[in-house]
Structures are given as C-alpha cells and as structure tokens.
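The values are calculated or read from the model by the stated rules, or taken from the named source; none is laboratory data. Being a predicted model, the structure only gives us computed values, none of them experimental. Cβ placement follows ideal geometry from the backbone for every residue including glycine, while neighbour counts extend to all protein chains displayed. We work out accessible area using only protein heavy atoms, side chains counted, and drop any ligands, DNA or RNA first. Shrake-Rupley method; radii C 1.70, N 1.55, O 1.52, S 1.80 Å.
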Amino acid sequence: MRIINNILSVIILFSLTSCSVMWDFVVLPFSGADKQTNVKLEKFYPDCEHVSYSIDTVYNNDIMHGEDFCINIWKNEHGGTQSPMQTIMFDSNGDCVGAYEFCMGNARYLNVYKDVPIFRENIYNKVISDKLKLANYIKITDTVETVKENLLETSSNYDYNIVVIWTNYHGYYMKRHLRQVNRYVSKNKNGLNFRIIYMQFCISK
C-alpha cells in the first residue's frame with residue numbers, strides 16, 4: 001500500500017509541476033500518440049481568412065514573461081512562465097475578449113472553445129490581463145513593417161481576430177491545440193467573420 005501511495009504522490013507531483021511531464025512519462029510511451037515535431041500547419045487551416053508568421057525570437061522572453069502578453073497574471077507573478085501554446089481572441093477594436101494558454105488545463109474539459117468569445121465565463125477571466133491587445137502581437141511578428149501595418153489596419157474588418165501561438169516542439173499537444181481552434185471556427189463561422197493569425201514560437205539558436 002505504501003508503494004502505491006508513493007507512486008500516486010510522484011504522479012501528482014509531476015502533474016502539478018509540468019504541463020507535459022505526466023503525459024510524456026506516464027501515458028505517451030504506451031499510447032502510440034504522435035509526438036513528432038514536424039507539424040505541418042497547412043492541414044489545420046480552417047475555412048476562414050488566415051495568415052501565418054513566425055514570432056521574432058527577440059521577443060521570446062516577452063511571450064513567456066512580459067505583461068503585454070501575460071494571460072495568467074497570477075502565474076507570472078509567482079515565477080511561472082506562459083506556455084508557447086496559446087489562443088487569444090480579439091474583437092474588431094483589437095481588445096482581448098478571451099484567452100487560453102495550455103498550462104491552464106485541458107481545453108476540452110474547461111470548455112474553452114464552447115462559447116463566442118472563447119473562455120469568457122470562468123475563473124481564469126479574473127487573471128487574464130487587460131493589457132492584452134492585438135497590436136502587441138502584431139508588433140512581434142517576424143515580418144516587415146508594411147505587413148504589420150496592414151494586419152492592424154484590416155483587423156476591424158473582422159468580428160474576431162484569433163491569434164494562435166504554436167510551436168513545433170509539442171507534437172501531440174500542438175496538433176490537438178490546432179485542431180481544437182479549427183473545429184471552433186468551423187462550428188461558429190456562420191454569421192461571424194473570423195481571421196486567424198498563426199504565430200510560430202521559434203527557439204533561439
């Protein structure tokens with residue numbers, strides 16, 4: 001019985017200290033789930049306006065810690081870091097109306113993609129920063145200024161601009177994340193005009 005309790009304690013510790021350790025060491029080896037790193041974004045593109053850019057690696061630390069990109073304020077203030085898997089939803093004025101980052105928990109069980117806007121009536125709304133603006137995210141794309149200006153100028157043409165931050169280094173999780181956003185748009189696109197801005201988080205060399 002003591003051995004079982006010790007095992008359970010280790011599993012709980014792993015699950016509380018890491019977003020992926022539990023899966024990587026307990027579930028993944030026996031699941032056959034795909035954790036390859038060569039995620040091909042095109043297969044997840046939804047049937048709506050979409051564009052894809054990389055995040056300038058100069059801003060990697062800002063994504064993980066910066067107040068202008070901080071979804072979970074409490075976590076950031078207590079030494080935590082943001083996940084490089086995020087969905088942030090902005091209205092036509094460029095204001096954040098809902099956001100989710102991977103380490104908040106399972107998006108399916110939290111009903112993140114149930115309502116429009118996403119994830120708005122839940123406990124995490126109390127920790128989503130009002131500093132989150134579409135302009136902040138467009139600023140850090142690794143592209144020329146004229147493209148950034150056009151992205152911002154045309155944002156009011158859409159009911160919602162959805163920024164999806166993703167990385168090739170979380171194969172199974174990343175595919176699930178992209179697929180959930182795709183399904184969300186497909187389910188809610190009637191009567192609403194979405195644009196998705198995919199932003200790839202790249203590791204600095």
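Can you tell me the order of 148-157, 131-140 when each peptide is scored by its average per-residue count of other Cβ atoms within 10 angstrom, highest first?
Values: 148-157: 14.2, 131-140: 19.5.
Packing proxy ranking, top to bottom: 131-140, 148-157.
In this structure the amide hydrogen of HIS50, modeled in the peptide plane, comes within under 5 Å of the amide hydrogens of ILE196, none closer than 5 places in sequence on its chain.
Peptides 97-110, 72-85 ordered by packing proxy, namely the average of other Cβ atoms within 10 Å per residue, highest first: 97-110, 72-85. Taken about its Cα centre, the stretch 73-205 carries a charge dipole of about 620 debye when Lys and Arg each add +1 at the Cβ and Asp and Glu each add -1 at the Cβ.
Need one number: the % of Cα-Cα pairs in the stretch 88-205 sitting beyond the 26 Å mark. Value for the stretch 88-205 (Cα pairs over 26 Å): 18 percent. Put a dot 7 Å past the Cα of GLU149, heading toward its Cβ, do the same for LYS187, and the two dots end up 4.0 nm apart. With 27 Å as the limit on Cα-Cα distance, the pairs of LYS133/LYS187; LYS139/LYS187; LYS75/LYS148; LYS114/LYS175; LYS133/LYS189 that go past it are LYS139/LYS187; LYS75/LYS148. What a 1.4 Å probe finds exposed on the stretch 102-181 is 45% carbon and sulfur by accessible area, rounded to a whole percent.
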